[in-house]
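Data first, discussion second: the structure below is written as structure tokens.
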Amino acid sequence: MTTKTTTAKTVAPTLLAMLLFGVAPLTLAADYPERAAFGERAAAVGLGVDSLNLLKRQPGPGAEPTAAVLLERFHGRLPGVSTSDRFNREVTEKQTSLISEEGWYLNVNADGTSVRYRNYPYLEKTAHLARPVEERFQPHELESLGRDFIAKHLDGLIKLGKNEDLVPYFSEFEISGGGASADGASMDPELVQASTIVFTRVINGQPVLGGGSKIAVIFANDGEPVGFDYDWPSYVQTRSSQKILPLDQIRRRGVDYSKFNPDDAEVKERGFECGYIDLGARKRDPDAVIQAGCMRQAIQKTIVDPKTHAEDEGSGHILKSSLDFLPAGETVETDRVWELARKPVVDLTKVTRE
């Protein structure tokens with residue numbers, strides 16, 4: 001059997017697909033300069049500090065109160081992000097959901113700090129406004145649209161504490177077309193259907209990595225918001241700090257705990273960032289502190305048909321991806337959900353180099 005892989009022109013960040021949204025048909029993505037700078041610093045010096053204050057999450061207001069605020073705030077606001085009186089309410093231990101007959105829906109997680117809203121019918125109505133990839137929103141335009149929406153419509157729900165900043169992280173564009181409709185036919189034009197900007201929180205110069213402290217806003221091609229996600233708990237600084245390992249020792253932890261051996265020639269690192277780690281509402285130990293770590297994305301290629309691969313390097317193989325969160329503290333604080341913080345961690349400061 002011949003296995004052939006087909007990839008988009010640009011690989012969308014794993015973070016978005018895993019932690020925020022469903023998988024789009026085809027995506028085009030780009031990092032903002034701020035994220036690129038975080039990656040450059042991480043690759044050179046890790047976190048770039050000797051110690052970091054540990055943080056503690058504050059309890060959220062609860063799903064029901066948050067849902068009530070958002071329902072009232074967007075009531076009658078048209079045409080994109082809006083709510084009405086026509087909806088069904090579903091309440092579980094983990095989530096409150098408002099599902100409208102008109103097509104919009106709102107999900108709020110248990111403590112009220114994680115929210116997802118979509119209005120797909122409006123996005124469908126604006127499908128005729130699909131624009132060529134070359135004419136997509138520029139980074140500064142998306143950032144302006146996103147900040148304007150957050151300031152006007154999420155005020156009071158998205159709060160920044162002392163020494164905290166809201167920073168553009170990456171953009172993503174949903175693309176239609178690109179495939180031939182019949183053998184021998186020309187490729188369908190690639191058109192942008194929707195545009196998303198994702199922001200992250202930066203605390204004392206350290207980005208928060210993982211699903212926590214993220215805000216995403218989706219825009220139709222007329223500039224109207226049609227959806228948003230946020231996972232935004234409040235943090236307070238504890239009286240404890242954590243000594244940070246140097247970069248080489250953090251990477252040695254990756255060798256010990258990652259599914260992929262970085263020394264394998266078929267393993268390619270696609271991203272490395274360091275900062276605070278918050279895995280997000282769905283993967284959060286409510287009793288754990290926010291501590292230091294590095295996020296490593298890697299892809300492993302396995303050749304399954306050597307003959308086909310020899311003829312075409314784009315065929316005859318499969319790709320597997322890995323997203324590892326490596327603890328960066330000399331002492332790792334217990335986290336029941338963070339896999340590597342559950343395992344015994346070797347004190348690398350006491351390991352003698354051969």
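So what's the convex hull volume per residue for the Cα atoms of the stretch 61-112, in Å³?
Per-residue hull volume (Cα only) is 62 Å³.
P(r) tail for the chain, what percent of Cα pairs lie past 26 Å?
Summing the P(r) of the chain above 26 Å gives 55 percent of all pairs.
Would you look at the GNM of the chain, springs on alpha carbons closer than 10 Å, and say which of T92, T331, T126 moves the most?
Comparing T92, T331, T126 in a Gaussian network model of the chain, the most mobile one is T92.
Take the alpha carbon atoms of the stretch 247-292, find their center, do the same for the stretch 92-107, and report the distance between the two centers in whole angstrom.
Centre-to-centre (Cα) distance: 33 Å.
If packing is taken as the average number of other Cβ atoms within 10 Å across a peptide's residues, how do 29-35, 233-239, 263-269 rank, most packed first?
29-35, 233-239, 263-269
Set the Förster radius R0 to 45 Å, insert the Cβ-Cβ distance between K125 and E311 as r into 1/(1 + (r/R0)^6), and round the FRET efficiency to 0.05.
For R0 = 45 Å, the calculated efficiency reads 0.45.
Would you mind working out the magnitude of the charge dipole of the stretch 61-112 relative to its Cα centre, with +1 at each Lys and Arg C-beta and -1 at each Asp and Glu C-beta, to the nearest 20 Debye?
140 debye
Work out the length of the dipole vector of the chain about its Cα centre, built from +1 on the beta-carbon of each Lys and Arg and -1 on the beta-carbon of each Asp and Glu, and round it to the nearest 20 debye.
980 debye
Between D256 and R86, how high is the FRET efficiency from 1/(1 + (r/R0)^6) when r is the Cβ-Cβ distance and R₀ = 45 Å? Nearest 0.05.
Here the calculated transfer efficiency is 0.25.
As a test of the formula, what do you get for the chain when each DSSP H run with n ≥ 4 contributes -39,500 (n - 2.57) and the sum is divided by the residue count, at 222 nm and rounded to the nearest 500 deg cm²/dmol?
My calculation for the chain gives -5500 deg cm²/dmol from helical runs alone.
Of T83, A67, S100, which is farthest on the positive side of the dipole of the stretch 61-112, counting Cα position, with +1 on Lys and Arg Cβ, -1 on Asp and Glu Cβ, and the Cα centre as origin?
It is T83, whose Cα lies furthest towards the positive end.
So what is the relative contact order of the chain, in percent, for Cα pairs below 8 Å that sit 6 or more residues apart?
21 percent
For the stretch 108-149 and the stretch 222-245, compute the distance between their C-alpha centroids and round to whole Å.
20 Å
Can you tell me which of P132, P306, P327 moves the most in a GNM of the chain? Springs connect C-alpha atoms under 10 Å apart.
P306
Residues of the stretch 77-105 with the amide nitrogen closer than 12 Å to a label point 7 Å from the Cα of D222, along Cα-to-Cβ, please.
78-81
Let me check against my output: what whole-number percent is the relative contact order of the stretch 41-163, with C-alpha pairs under 8 Å and at least 6 apart?
Relative contact order of the stretch 41-163: 18 percent.
May I ask you to order 215-222, 135-142 by the average number of other C-beta atoms within 10 Å around their residues, highest value first?
215-222, 135-142
Over the stretch 61-112, what is the mean sequence separation of C-alpha contacts under 8 Å (at least six apart), divided by residue count, expressed as relative contact order in percent?
40 percent
With viscosity set to 1.306 mPa s at 10 °C, what whole-number translational diffusion coefficient in µm²/s follows for the stretch 236-309 from Stokes-Einstein and a Kirkwood radius over Cα pairs?
Calculated translational D: 105 µm²/s.
Each reported figure results from applying straightforward, stated rules to the coordinates on display, with no laboratory input. Remember, it's a predicted structure, so these values are computed and weren't measured experimentally. Ideal geometry is used to build each Cβ from the backbone, glycine not excepted, and the neighbour counts take in all protein chains shown.
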